[in-house]
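The values are calculated or read from the model by the stated rules, or taken from the named source; none is laboratory data. Since the model is a prediction, treat every value here as computed from it, not as a measurement. Positions of Cβ are generated from backbone atoms using ideal geometry, with glycine treated the same way; all protein chains shown enter the neighbour counts.
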Amino acid sequence: MVTKEITSVLERLLERTSKGLANAISVAIGDGSIPEGTLLPSIRAFADELELSPSTVSAAWRILAHAGTIRTDGRHGTVVLTRRGPGPTRYRRALERSNSFGLDLSTGLPDVALLPSLAPALNKLHRARTLGSYLDDPIIPRLAEALQDDWPYETSLFTVVDGAMDALDLVATRLLRFGDSVIVENPSFPPLLDLLDAIGVRIIGVDVDADGVIPNQLRVSLAHRPTAVFLQPRAQNPSGTSMTARRAAQLVALLKGTTTFVIEDDSAGSIASTNSISLGKWLPEQTLHIRSFSKSHGPDLRIAAVSGPSSVMDGVRERRLLGQGWTSRLLQSVLLDLLTRKESRQQVSRARDAYAYRRSMITSELRRLGVPIESGDGLNLWLPVLDETAALVFLASRGIGTAAGSPFMTKSETTPHLRVTVGLIKDDFARLAAEFAGASNVSSYAGPR
C-alpha cells in the first residue's frame, strides 16, 4: 500500500541513492509534507514502492538518524523527530560550571595576566587611517606579511576571520554537504562536533597518541572516502598532543592522491611550545590551515587567520560578502601591532614559558603519584579517570571545577577523562596534583581505589 509519506518522498526523489533518498525525506519534512512525530513506513515498504534495495533505504536511515532527523526503535518503528531546539549540546555540556568554585579549571581560557597589553596598540588607533571602502582587500597587506613570517608553509592565500570557529564554520559549510563523511580526532573540540552535527555529516573518530593521529586508524577511515579530515596539529584541545614531523610524513603518505581536504586548527597558536607544523607544506592544494590568536593575544580580539587553496579560499571570501564582509581593520591593526611590537612579542614568549612550566609541574607530580599522563603542550590536561561523574563531584567538593570529558569524545568506548585547564594554575602544584590523582581513582561504586 502506497502511503502519503512514500508519495511525498517519491515526488521529491531526484537521485536513487541513499543520499538522494535522505535528501528527499529531509525536504518532505522541511516543507511539512511529512509532519514531525510521523511514524514512517518500514524499510521494506519504502524499498518496494520506490524500487530501491533495502540496503539503500537502510543507509538513508543511518544518514537521517545521525543528523537527528529520525529515530529508529526496533519493533516500534521509525519516527520523525521534532526539530531540535536550544537544548544541551556538546559545547554547553563541556562548559557546565558553577560560580561557587574556588578554582575554576573548566574553561579552557588563557590566564588574563599573561596576555600582552593592548594599551600601546590601542593608543595608536587614533592615528590609524580607517579604510571605509567595501572593496578593499579583506586583510591588511602588512598583516599578511607578518603572518607569512611565522606561517608553517609558504603561501600567499591568506584571509582573516572572526575567530577559529568562524573559520571552521566558513570552511566546513563551503566543503561539506549533508551525508558526507568526515574524520575527526578522538578526543576533539566540542563546538566543532556540534557544527558538524548541524551540517548533518557522518563523523568518524580516529584516536590520537603522543605523536598525533594514529596512521593505521586514519588509513582504515579513508576507505569511507571522507570529504575532510579535521586536525589540531599542536597543543591539541583537550589532549595536549602535538603532531611530530615523523607522524606528519606518515599522514601525508596516506592522504596524498586522495580528494580529502585537511582542515587544521592551530588553536593554541603562539603560546604552544611546540614548533608550528602543517600538512600544507606537502599538500598545499588539500590543506586549510587556521591559526587563532585568542589564547595568545586575547579572546576578545576575535581574530583567526586562514590559508588554503584558491578553490576553497575564493568561496570563503565570497560567502563572507553575504555576511560580515570582512574582519574589522581596526582590530587587524591591533593584531598587527601585537605581532610586530618587540614588547608584545616578549610578553607572549613569557606566557608560553609560564604555561609550559605550569603544565610540567603538574604532569611531573601526577606521574610521581602513578597517574599515566603525557607531558603534552598548551593550556589543557587530559586526565584519565575511572568514573567521569564521580571525578567531577570529587573535585567539585574540594572547590575545583573541571570539564567533563564525554562531550569531547567521538568514540563511545573511549576511557573516561576530564579536561583540566592547567594553564590557570599558578602555584600549589603538589596539592592540586594530589587532588587530580585522587579524582582519577574515585568510583561511584567503590570509592577511591
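Can you name the condition, by its number, that residue 365 falls short on among (1) within 16 Å of residue 147 (Cα to Cα); (2) over 25 Å from the mean Cα position of the chain (by Cα)?
Result: residue 365 fails condition (1) only.
Regarding the stretch 268-288, can at least one residue be identified that is assigned to a strand (DSSP E or B), closer than 23 Å to residue 170 by Cα and of a type in the set (D, E, K, R)?
no
I need the full set of residues from the stretch 19-62 which are assigned to a loop (DSSP other than H, G, I, E, B) and touching a residue at least 40 places away in the same chain (Cβ under 8 Å), in order please.
Residues satisfying the conditions are 34, 35, 36, 37, 38.
Which of the following residues is touching a residue at least 40 places away in the same chain (Cβ under 8 Å), surrounded by fewer than 23 Cβ atoms within 10 Å (Cβ to Cβ) and not assigned by TED's automatic domain parsing to the domain that holds residue 155: 312, 348?
Criteria check complete, one pass: 348.
State which residue is nearest to residue 202 (Cα to Cα) when the search covers only the stretch 1-46 and only residues that are surrounded by fewer than 17 Cβ atoms within 10 Å (Cβ to Cβ) and among the hydrophobic types (A, V, I, L, M, F, W, C).
Ranking the qualifying residues of the stretch 1-46, first place goes to 14.
When the residues of the stretch 408-449 are narrowed to those that are among the β-branched types (Val, Ile, Thr) and either touching a Lys or Arg at 6+ places or on another chain (Cβ under 8 Å) or at pLDDT below 95 (or both), which ends up surrounded by the most Cβ atoms within 10 Å (Cβ to Cβ)?
Looking at residues that are among the β-branched types (Val, Ile, Thr) and either touching a Lys or Arg at 6+ places or on another chain (Cβ under 8 Å) or at pLDDT below 95 (or both), I get 422.
Test residue 333 against the stated conditions and say whether it is more than 25 Å from residue 187 (Cβ to Cβ) and either among the hydroxyl-bearing types (Ser, Thr, Tyr) or not assigned by TED's automatic domain parsing to the domain that holds residue 435 (or both).
So residue 333 fits the description; yes.
Can residue 59 be described as surrounded by 13 or more Cβ atoms within 10 Å (Cβ to Cβ), at pLDDT 80 or above and either hydroxyl-bearing (Ser, Thr, Tyr) or not assigned by TED's automatic domain parsing to the domain that holds residue 316 (or both)?
Spelling it out, residue 59 is indeed surrounded by 13 or more Cβ atoms within 10 Å (Cβ to Cβ), at pLDDT 80 or above and either hydroxyl-bearing (Ser, Thr, Tyr) or not assigned by TED's automatic domain parsing to the domain that holds residue 316 (or both).
On the basis of being crowded, with 20+ Cβ neighbours inside 10 Å and either modelled with pLDDT of 90 or more or in contact with a helix residue (DSSP H, G or I) (Cβ under 8 Å, 6 or more places away or on another chain) (or both), does residue 335 make the cut?
In short, yes.
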